[in-house]
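Down below is the structure, laid out as structure tokens.
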Amino acid sequence: MTTTALPASRFAVARQVADAVLFEGYVLYPYRASAAKNRLRWQFGVLVPPAWGPAHGEHSFQRTEVVMEPRGAATLAVELRFLHAQRRTVEEARADGSFAAVAELHLPDRVLVPWDEGTEERVEMTVPVAELEEGEVSLPFVRPAREETEPVLGADGREVGRLVRRTERADGVLRLRAEQLDVPYRAFKLTAVVENTSDWTPGADAPARASGGADATGGADRDAALPRSLVAAHLLLGLSAGSFLSMTDPPEWARASVATCANRHTWPVLAGEPGSSDVVLSSPIILEDHPGIAPESIGAMYDATEIDEILALRTAALTDQEKREARGTDPRAAAVIDLAETMPPEVLERLHGAVRALREITDPGAATPETFAELFDEDAVFKPDTPWWDPAHADPADPSRDRILVDGTSVGPGSRVILRPGLRRTDAQDLFLQGATAQVEAVLHDVDGGVHLAVTVEGDPGADIRREQGRFLYFQPDEVAPLEGA
């Protein structure tokens, strides 16, 4: 076994998505430490010390199992990545030359506040597959405790305070093994376990803690466990020769073997270049094979599952005071503010939308995804005889007075109906309305010729507000039944 990784280019494409996993939720809009959503940190892939996890519903390990087909004298490259939380406190300079901890330190361009920063850590190793066949290979690792001080200067260059960053020791181990499978080809089940092995126990640091959310265990709350945790932990796996099998679409001969793979607190997907199968990303966030960052994205906003346009517009709308607080929260938050403020109009326009399903028309040479079978019968969707765009359709629809026939009964605004959501094409929340009675507010036609009934549910205390705002529930004609006598 060596600690030398494969060439960086092997993981280059996969690392773009891995970076999004590493920092997903790191700091959320409005990017201020005072925001409620930023007070509970580190939601994904947190491997806590063993003494803390079981009693609090969090995990101290994650296990990846995936089927691989190595060729010849193949080697396996593994890269474990995680964030190591470091606690930043803010101290203000006093006239006597001493420093005192404060909740805020106001500067012309930002407001500094206490915050838990995350530093990226990597554990890399390369091991021949033949060595994994012989037995388990382990790589223990330690990230030592440390303390750093950064002076804070005012506009006149005078030291007005300092930032003190304290990092606790983090211990872990990476374990690998390969089990040959009883299949027609040379294939193995690869098991990779990442475990937090810290011997820290709840309450051990209580006397030394100056403040924090103390609980019945003597101050050992989640804030005390996080600095000893492996945060957003995930793995990149790469074969020098050979391939991994998809966990969701394996070849027929491997389906039974793939079904026996037990992944805990993580999920492996094929990554790297489209069409390749020599790299796997095992992530605490469930992804599909060959995930990718949208090419329209121009920078990290630390919520990669969100829509960049919305985040950019909302960030630009923050007040100057809110931006000062965000800039003082974290350097990455400050970068987001700067990004939103300096984004050229043509770049913002690019974020406005992309219809990737039209690539086969706009770019015939590009690869197109497999088509999916329809989940419902198109004949069940009501369509008018004459499309809205046809000149013969001389009388345009008027939602305020339009009516249609449902089961031989004329239905329009004011009609009462019973809701019967379609099981195959409805929103999951609509299923709770099965059998409920509702009032039709409007009959709407879409550009594809479909008809939708806008309704309010009877007994809904917010029905009047829905009418004022025009925020209705929508059902197709075959999903309602006219109420007799209505």
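Of note:
- LEU132 open to solvent by less than 10 Å² (accessible area, probe 1.4 Å) and either of a type in the set (Val, Ile, Thr) or touching a residue at least 40 places away in the same chain (Cβ under 8 Å) (or both): yes
- Some residue of segment 350-358 being open to solvent by 30 Å² or more (accessible area, probe 1.4 Å), assigned to a helix (DSSP H, G or I), modelled with pLDDT of 70 or more and closer than 22 Å to VAL111 by Cα: no
- All conditions in (1) touching a residue at least 24 places away in the same chain (Cβ under 8 Å); (2) small (Gly, Ala, Ser); (3) open to solvent by 10 Å² or more (accessible area, probe 1.4 Å) hold for ALA438, with the sole exception of (3).
- Which listed residue, of ARG264, ARG314, is surrounded by fewer than 19 Cβ atoms within 10 Å (Cβ to Cβ) and in contact with a strand residue (DSSP E or B) (Cβ under 8 Å, 6 or more places away or on another chain): ARG264
- So ARG32, is it open to solvent by 10 Å² or more (accessible area, probe 1.4 Å), under 30 Å from ARG327 (Cα atoms) and either among the polar types (S, T, N, Q) or modelled with pLDDT under 90 (or both): no
- When ALA12, ALA55, ALA20 are checked against the criterion of being under 30 Å from LYS323 (Cβ atoms) and open to solvent by 10 Å² or more (accessible area, probe 1.4 Å), ALA20 stands alone in meeting it.
So that you can scan it fast, the table gives a plain yes or no per residue for (1) open to solvent by less than 20 Å² (accessible area, probe 1.4 Å); (2) among the acidic types (Asp, Glu); (3) in contact with a His (Cβ under 7 Å, 6 or more places away or on another chain):
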{"residue": "SER246", "(1), (2), (3)": "yes, no, no"}
{"residue": "ASP289", "(1), (2), (3)": "no, yes, no"}
{"residue": "ILE298", "(1), (2), (3)": "no, no, no"}
{"residue": "ARG332", "(1), (2), (3)": "no, no, no"}
{"residue": "ALA335", "(1), (2), (3)": "no, no, no"}
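- For segment 71-92, the condition holds for no residue, the condition being that it is at pLDDT below 95 and among the acidic types (Asp, Glu).
- Qualifying positions in segment 441-461 - assigned to a loop (DSSP other than H, G, I, E, B) and open to solvent by 20 Å² or more (accessible area, probe 1.4 Å): ASP446, VAL447, ASP448, GLU458, GLY459, ASP460, PRO461
The values are calculated or read from the model by the stated rules, or taken from the named source; none is laboratory data. Nothing here was measured: the structure is a model prediction, and the numbers come from that model. All Cβ positions, glycine included, derive from the backbone under ideal geometry; neighbour counts span all protein chains shown. We work out accessible area using only protein heavy atoms, side chains counted, and drop any ligands, DNA or RNA first. Shrake-Rupley method; radii C 1.70, N 1.55, O 1.52, S 1.80 Å.
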